[in-house]
Amino acid sequence: MKLEVGIIALLGLGIASASYMAWNIGANDVANAMGTSVGSRALTLRQAIVAACVANVLGAVLVGGHVADTLRKGVLDTGQFQSDAHTMMLGMLSALLAAGLWIQLSSFFGIPVSTTQAIVGGVVGFGVIAAGAGAIQWSMVGSIGVSWVLSPAISATLAFLLARLVRGRIVNAPDPIGATRRWTPVLVFSVFFSMCLVIFYKGLKNLHLDLPWQSALTIAMLVGGLAAVFGWILVGRADPAPEDHEALADADQERRQAELAGALERALEALKGAQEAPLQETNHDKIHSAAEVVEGLVAEMRDRAPVRPRDTERSYRFVERVFASLQVVSACCVAFAQGSNDVGNAIGPFAALVNIIHTRTIADQVPVPLWTLLLGGVFIALGIATWGPRVMKTIGEGITHLTPTRGFSAEFATAITVVGASRLGLPVSTTHVIVGAVMGVGLSRGIRSVDWRTLRKMATMWMVQVPAAACIAGLLFILLRAIIPRVF
């Protein structure tokens with residue numbers, strides 16, 4: 001009886017820890033999928049929350065199994081724990097709790113961080129305490145670390161090229177409305193083609209249905225082609241000047257004035273800080289920060305040409321209206337891919353714990369039950385609906401100014417990068433990918449269009465995250481080992 005009570009207690013603690021971790025993933029990583037959409041006004045906050053919840057749950061259930069297995073088996077050498085399954089269970093609990101605590105702290109301050117880094121740091125921390133440095137697969141940790149560097153570089157490059165393409169071929173074209181109508185089939189096809197490859201190739205494969213690559217490719221091309229034709233017809237019939245164009249112009253002008261006031265306030269704050277600093281301190285950094293804000297503001301105003309003739313303004317609004325619709329689709333694609341990757345951060349360690357309870361052994365490969373993926377997806381959605389907006393503002397507004405055309409470029413580049421990583425079973429950081437993409441969009445308009453202060457703050461948090469999560473997990477493991485009796 002005592003043994004059964006202990007196992008039930010461990011299972012309950014595991015469910016609570018995995019749920020807590022999944023909640024924090026939703027609370028922080030919602031910015032990765034929907035922050036750009038809200039920042040560009042393509043979606044309202046409520047619409048973004050609903051779309052992210054649905055897409056994350058679908059991604060977690062249909063595609064999440066591959067990454068969960070890679071995290072659980074790749075970072076830690078389970079052979080070191082074959083004769084001590086109890087220690088393995090306590091370690092997985094410690095990793096989940098440590099990662100959850102770190103992510104919640106970051107979310108409280110509105111800083112987007114990598115949930116993948118947090119859980120990897122937690123696993124490393126308990127593994128070193130429990131079995132020494134030899135228990136860690138440092139080659140796998142190194143490969144994941146390389147992906148954390150390469151993935152934002154890849155997404156930044158893709159977003160940079162996409163933003164330049166959209167800006168040069170559509171936004172700044174002599175006839176933006178005509179250019180939008182010509183390019184719509186290509187853009188719509190690309191978005192739906194990518195989404196179908198995720199759903200049909202990876203999703204159905206994870207549901208134990210055999211779908212050859214050739215079949216998935218054919219279906220994706222057919223769906224993308226039909227969507228392109230449908231989109232071409234809709235855009236061709238769309239009215240470039242809706243009846244409420246005056247209201248739209250007024251709202252756009254108010255938004256621009258608010259952005260101008262915010263930028264000037266930041267510049268003024270930096271200048272005041274330099275003015276009030278003691279004489280013996282150098283004011284160079286503060287003055288440089290103020291200069292960055294002002295120069296970025298000037299570049300932004302030049303790029304956006306706030307004083308537009310009526311025809312130019314009408315064309316601009318038409319282009320952004322079309323891309324707002326495309327951005328909604330691409331945002332859902334990012335959220336789907338995000339759910340497929342990030343659910344493994346909560347469910348991977350928990351799947352190992354459940355397998356140990358059922359088999360009393362540590363297997364080389366552990367199947368991830370569907371109910372655990374569903375559990376992770378549901379709590380990710382709860383995190384999105386509660387603390388999600390805390391971090392969303394940083395991605396949507398803190399790095400560079402976004403419009404639907406720029407937001408689409410960032411999100412589509414993110415979707416391509418993350419889905420490719422998910423296909424390979426590599427747990428990349430969605431945070432790093434989307435930040436790289438937004439930075440690439442900003443750089444497409446000049447280096448002064450990026451708020452480097454925000455990026456420096458995030459980079460600092462990213463650098464300390466793995467060792468911080470490892471230290472927390474190590475302390476929690478020591479505590480749990482002292483208070484929880486051995487059950488088998």
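We did not get these values from a lab; they are worked out from the coordinates using the rules stated. Just so we're clear, the structure is a prediction, and the values are computed from it rather than from any experiment. Reconstructed Cβ throughout: ideal geometry from the backbone, glycine too, with neighbour counts over all protein chains shown.
Annotations for the structure displayed:
- Cα-based Kirkwood hydrodynamic radius, the stretch 342-488, one decimal, Å: 18.5
- Whether the stretch 392-461 is rounded, prolate or oblate, judged on the alpha carbon gyration tensor where a/c under 1.5 counts as rounded: oblate
- FRET efficiency, W371 to D175 (Cβ-Cβ, R0 56 Å, nearest 0.05): 0.55
- Residues D451, D77, arranged from fewest to most other Cβ atoms within 10 angstrom of their Cβ, appear as D77, D451.
- Residues L10, L158, arranged from fewest to most other Cβ atoms within 10 angstrom of their Cβ, appear as L10, L158.
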